[in-house]
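Just below is one structure, and these are the notes that go with it.
The values are calculated or read from the model by the stated rules, or taken from the named source; none is laboratory data. Computed from a predicted structure; not experimentally measured. Heads up, the Cβs are rebuilt from the backbone with ideal geometry, glycines too, and the neighbour counts pull from every protein chain shown. We work out accessible area using only protein heavy atoms, side chains counted, and drop any ligands, DNA or RNA first. Shrake-Rupley method; radii C 1.70, N 1.55, O 1.52, S 1.80 Å.
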Amino acid sequence: QVQLVESGGGLVQAGGALRLSCAASGRTSSTYAMGWFRQAPGKERVFVARLNWSGGRTYYADSVKGRFTISRDNGKNTVYLEMNSLKPEDTAVYYCAAANSAAVGISPREYDYWGQGTQVTVTS
């Protein structure tokens, strides 16, 4: 089992920045990738970014490319999502997720473990 705990959400004005953190614990040695998803009210959970734990390759949704950066601190088993130039449409609950399979993509179904989520609200 892997436990994930997110932090760092909050309220920010458009154009502002936030950094989310996701601390992983438990059997993290089996983790292939860590990802961030978001879910706005009444909408499906969608992919935001992903980082392969070995090698550090990153992937982003087109909607956040150039504004968000996913990174890691191996020593702390923590993944970060640096969010800049935030827009009101970025408002959502942000979830951290971990996947054990190398076949992982952008579907939430491909991830094995989830955090509880952290709210990000961007005002205009």
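Structure values in brief
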| read-out | value |
| --- | --- |
| Space enclosed by the convex hull of the alpha-carbon atoms of segment 78-124, per residue, Å³ | 100 |
| Calculated FRET value between residue 87 and residue 32, using beta carbons and R₀ = 35 Å, to 0.05 | 0.70 |
| Rg over Rh, two decimals, segment 35-78 (C-alpha only, Kirkwood Rh) | 1.03 |
| Along principal axes, Cα extents of the chain, largest first, whole Å | 41, 28, 25 |
| Exposed-loop-free span, longest in the chain, where trypsin sites (Lys or Arg not before Pro) count as exposed if DSSP calls them loop and at most 12 other C-beta atoms lie within 10 Å | 66-124 |
| Segment 9-97 - accessible surface per residue (Å², probe 1.4 Å) | 49 |
| Extension reserve of the residue 109-residue 43 stretch, reckoned as 0.36 nm per residue once the Cα distance is removed | 22.2 nm |
| Surface share of carbon and sulfur [accessible, 1.4 angstrom probe, percent] for the chain | 47 |
| Where labels lie 7 Å past Cα in the beta-carbon direction, separation of residue 121 and residue 100 in nm | 3.8 |
| Residues residue 3 and residue 67, FRET efficiency given R0 of 30 Å [Cβ-Cβ distance, rounded to 0.05] | 0.55 |
